[in-house]
Number of protein chains: 2
Amino acid sequence: MKAFDPWSSKQIDNKKVFKEFGLKKFPEAWRKELNHYLFERNIVIGHRDFEKVLNCVREKRPFINMTGIASSGRLHLGHKAIIDLFMFFKNCGARNYFCVADLEGYTSRAQVENLEQAKELAVNNLAHVLAFGIEESEAYAQSNYKIRYYSFVFEISKKITKNAFEATYGHVDLGKMSAALLQYADILHAQLPEFEGKMPSITPIALDQDPHARITHDVAKRLHYDLELPSFLYISHQSGLLQGTKMSSSNPESAIFLDDMPEDLHVKVSNAFTGGRETAALQRKLGGKPDICKVCELLRFHYPDTREVERIMNECRKGTRLCGETKSFAIEFFTKFLKEHQKKAKDKEKSARRIVYGK
Amino acid sequence: MKAFDPWSSKQIDNKKVFKEFGLKKFPEAWRKELNHYLFERNIVIGHRDFEKVLNCVREKRPFINMTGIASSGRLHLGHKAIIDLFMFFKNCGARNYFCVADLEGYTSRAQVENLEQAKELAVNNLAHVLAFGIEESEAYAQSNYKIRYYSFVFEISKKITKNAFEATYGHVDLGKMSAALLQYADILHAQLPEFEGKMPSITPIALDQDPHARITHDVAKRLHYDLELPSFLYISHQSGLLQGTKMSSSNPESAIFLDDMPEDLHVKVSNAFTGGRETAALQRKLGGKPDICKVCELLRFHYPDTREVERIMNECRKGTRLCGETKSFAIEFFTKFLKEHQKKAKDKEKSARRIVYGK
């Protein structure tokens with residue numbers, strides 16, 4: 001499974017973070033047991049206290065499935081892993097809380113200029129989220145949620161000293177502090193008596209968000225409510241389509257957005273960085289490098305059939321497959337995928353608007 | 001009117017604050033025009049932009065009447081001036097917003113240990129507030145208000161740099177920061193389109209709260225909403241009954257609480273610091289010092305008839321009246337006042353509970 005090794009590009013950094021903060025690698029046995037592409041393909045790379053949630057899954061006991069996406073632009077394929085993981089736990093029988101963090105997007109990002117813009121972005125994002133199979137009742141926008149959630153944000157604020165906060169994040173503005181407080185509340189509030197009560201919870205985050213996880217643990221212990229410490233899964237970020245880039249809405253050439261048109265998709269995949277050789281002849285002779293190829297990464301993160309992805313990458317490695325062929329394959333797959341997805345998202349717009357503006 | 005000069009005890013400090021921060025003394029002409037004991041007796045000592053509100057009062061145009069009390073204990077007579085002032089502007093035809101700041105009490109005060117306690121204090125405080133004639137629809141608790149208010153708190157957080165915040169308050173914890181953000185929202189939110197829209201507003205504060213007023217002004221300018229800069233009145237604090245004390249719930253011997261029993265009242269007024277001489281004979285000869293007498297201060301802040309208060313203080317000054325007589329007069333008045341007030345407060349408990357726990 002070397003093709004799916006997420007440790008390849010940033011091996012040293014990740015190992016350091018894992019050791020320093022007590023994260024654990026996601027065990028092979030669990031990958032097999034859970035039988036889902038995100039685990040099989042090492043997109044889930046680590047965990048904190050996942051045992052508790054796994055036991056709930058095995059014993060069909062309730063647990064909280066809590067995911068948030070910061071809403072500060074259009075959603076792209078990089079968000080899909082988080083949504084797919086949410087759907088996985090939903091299908092395991094979880095109590096579901098999908099948060100579109102529009103207040104966080106507004107308070108922590110300069111490009112979101114006002115609350116109206118934040119809320120319209122939330123409508124857009126939610127329509128896509130619902131299109132993946134999440135129900136209206138399972139999703140919320142931070143700007144239009146229950147009063148109990150807001151009072152909880154303020155309760156949390158009392159439990160964090162400024163020294164602890166600054167030791168974790170450095171010197172940050174009040175907007176970013178608010179964003180952090182909202183995140184802690186997102187992760188913990190479903191365990192309040194007014195929601196589900198005490199039970200294990202699972203939230204996927206990227207490695208660089210681990211400071212939030214550590215403070216959330218600390219807060220959960222200090223609050224006078226009886227709370228289970230939340231569990232976390234650590235997700236490998238999908239990188240951008242161009243060399244050395246992140247897939248992020250601030251880098252539109254490098255991201256495939258869920259509302260991209262077929263022509264956008266065609267241009268972006270065609271221009272993507274691959275592991276191809278200088279000439280076709282050389283590639284046939286030496287083989288390609290699928291492990292650094294962005295088109296292969298797209299397939300690894302999104303193509304449903306694991307064996308087919310392995311086959312494509314192996315053919316590339318052996319030199320029997322050229323980049324153009326893989327690009328055409330990807331364009332065909334994602335054109336169909338986006339078309340179907342966008343139709344569903346269109347149907348969910350009213351529902352998304354109710355979440356953001358309704359009572 | 002020397003008997004009512006609030007500048008007496010802290011003259012230098014107040015003058016310095018007024019000059020440094022651009023506050024203005026409350027003009028004599030307005031005191032006469034407004035014809036209310038809080039103005040007549042110099043309990044309102046200064047203002048920021050009160051002209052705008054006064055013009056609304058004169059021309060019967062709408063303005064916002066916004067007052068908050070931090071809910072961290074039982075209410076005492078020191079709170080009554082603020083409530084009386086609110087009733088004054090209410091009777092001038094204002095749009096009324098009375099905030100019981102239970103979240104602020106919780107996040108900023110160690111003695112409020114959890115949200116339940118904060119909410120029960122809010123019920124207690126609100127029952128007293130309503131007993132003074134404020135309607136259920138005119139009052140709110142921070143912990144159970146409209147969603148739009150909470151999203152506004154977070155909008156405000158983006159508009160304050162940490163440097164500006166720390167320059168004003170020094171190094172404070174996240175709980176106190178939250179409390180401050182809630183205060184700014186309390187003062188400004190009623191001007192949002194979802195509430196009254198842009199109009200002048202008046203909020204009474206103590207001199208030591210002026211930093212809040214200055215940041216609120218700054219925030220009002222930075223937000224992308226069209227807001228009138230809020231106006232403020234500066235209120236002289238009633239001092240405690242014992243020498244050198246504040247009237248505060250953390251100093252119960254020095255405060256008369258709105259739910260004190262007649263026997264508590266009797267003990268507290270009897271033990272109050274007066275401006276009496278060492279012996280009755282000496283007092284008859286030299287006269288008392290009503291300007292430093294806590295019993296006279298009680299009457300000055302609460303006895304409805306200004307001429308009667310002046311008469312008592314003048315008799316004291318001339319030596320024709322002894323402290324015991326003034327104490328008996330005060331005990332009689334406040335016993336009756338508290339009894340009637342407590343009956344009304346009892347009748348308002350259900351209504352207060354609806355504000356704190358209802359939808």
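Rule-based calculations on the coordinates, nothing more; no lab input. Since the structure is predicted, the reported quantities are computational estimates derived from the model, not experimental observations. Cβ placement follows ideal geometry from the backbone for every residue including glycine, while neighbour counts extend to all protein chains displayed.
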Fewest to most neighbouring Cβ within 10 Å: what's the order for A:ARG148, B:ARG95, B:ARG300? A:ARG148, B:ARG95, B:ARG300
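By its C-alpha gyration tensor, with a ≥ b ≥ c as the square roots of the eigenvalues, how is region A:14-239 shaped: rounded for a/c under 1.5, else prolate for a/b larger than b/c, else oblate?
Working: a/c = 1.32, a/b = 1.18, b/c = 1.13.
Rounded is the answer for region A:14-239, as its axis ratio a/c remains below 1.5.
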In nm, one decimal, shortest first: how far is the label point of A:ALA164 (7 Å from Cα along Cα to beta carbon) from the matching points in the other copies? 2.9
Would you mind checking the tilt of helix A:323-347 against the longest principal axis of the Cα atoms of chain A, expressed as 0 to 90 degrees and rounded to 10? 40 degrees
Measure up A:LYS119/A:LYS348; A:LYS294/A:LYS346; A:LYS158/B:LYS119; B:LYS176/B:LYS343; A:LYS176/B:LYS176; B:LYS80/B:LYS336 against 27 Å on the Cα-Cα distance and list the ones that go over. A:LYS294/A:LYS346; B:LYS176/B:LYS343
Taking the Cα atoms only, what angle lies between the long axis of helix A:306-318 and the longest principal axis of chain A, rounded to 10 degrees? 40 degrees
In chain B the DSSP beta bridges are antiparallel at a rate, in percent to nearest 5, of 30 percent
Violating pairs (Cα-Cα greater than 21 angstrom) within the set B:LYS90/B:LYS246; B:LYS16/B:LYS162; A:LYS52/A:LYS198; A:LYS90/A:LYS246: B:LYS90/B:LYS246; B:LYS16/B:LYS162; A:LYS90/A:LYS246
With the 8 Å Cα cutoff and a minimum separation of six or more residues, chain B has a relative contact order in percent of 21 percent
Obtain the nm distance between the two label points defined at B:ILE292 and B:GLN117 by a simple spin-label model: each point lies 7 Å from its Cα along the Cα-to-C-beta direction. 3.8 nm
Inter-copy label distances at A:LYS346 (7 Å, Cα→Cβ; nm, one decimal): 6.8
When chain B is treated as a GNM, springs tying every alpha-carbon pair under 10 Å, which of B:PRO62, B:PRO230, B:PRO204 comes out with the largest mean-square fluctuation? B:PRO62
Let me make sure I get this right: for the protein assembly as shown, a, b and c are the square roots of the gyration tensor eigenvalues over alpha carbons, sorted descending. Under 1.5 in a/c it's rounded, otherwise prolate if a/b > b/c, else oblate. Which is it? prolate
Enter the mean number of other protein chain beta carbons within 10 Å of the beta carbon of each residue in B:134-144, as an integer. 1
List the residues of region B:84-117 whose backbone N lies under 19 Å from a point placed 7 Å from the Cα of B:GLU340 along the Cα-to-Cβ direction. B:84-88, B:91
Please report how far the C-alpha centroid of region B:158-225 lies from that of region B:83-104, rounded to the nearest whole angstrom. 17 Å
Phi-based couplings in Hz for region A:85-92 (Karplus 6.51, -1.76, 1.60; Gly and Pro marked x): 5, 4, 4, 4, 6, 4, 6, 7
For chain B, can you list the cysteines whose C-beta has no other cysteine C-beta under 4.7 Å from it? B:CYS56, B:CYS92, B:CYS99, B:CYS316, B:CYS323
Which FRET efficiency, nearest 0.05, do B:ASN91 and B:ARG284 yield, Cβ-Cβ r, R0 35 Å? 0.20
Quick check: from the Cα gyration tensor, does region A:166-316 come out rounded (a/c under 1.5), prolate or oblate? prolate
Amide H partners (placed H, <5 Å) of B:GLY46, local residues excluded: B:PHE26, B:TYR234
Return the chain A residue and its Cβ-to-axis distance, rounded to the nearest Å, for the rotation relating A to B. A:TYR150, 2
Amide H of A:GLY68: which non-local residues (sequence gap of 5 or more, or other chain) have their own amide H closer than 5 Å, using H built in the peptide plane? A:CYS99
Roughly how tilted is helix A:174-188, in degrees to the nearest 10 and between 0 and 90, from the longest Cα axis of chain A? 90 degrees
Vicinal HN-Hα couplings computed from phi for region A:105-111 (Karplus, 6.51 cos²θ - 1.76 cosθ + 1.60; Hz; Gly/Pro x): x, 5, 6, 10, 10, 5, 6
Hey, got the average number of other protein chain Cβ atoms within 10 angstrom for residues in A:166-175? 4
Other-chain or far-sequence residues with amide H under 5 Å of B:THR245's (modelled H): B:GLY240
Excluding same-chain residues fewer than 8 positions from A:LYS15, which aspartates and glutamates have a Cα within less than 15 Å of its Cα? A:ASP5, A:ASP208, A:ASP210
Can you work out ³J(HN,Hα) from phi for every residue in region B:263-277, in order, using Karplus 6.51 cos²θ - 1.76 cosθ + 1.60 and θ = phi - 60°, giving whole Hz and x for Gly and Pro? 5, 4, 4, 4, 5, 5, 5, 4, 8, 5, 6, 10, x, x, 7
For A:PHE21, go 7 angstrom from Cα along the Cα-to-Cβ vector, then report the distances to that same point in the other copies in nm, smallest first. 4.1
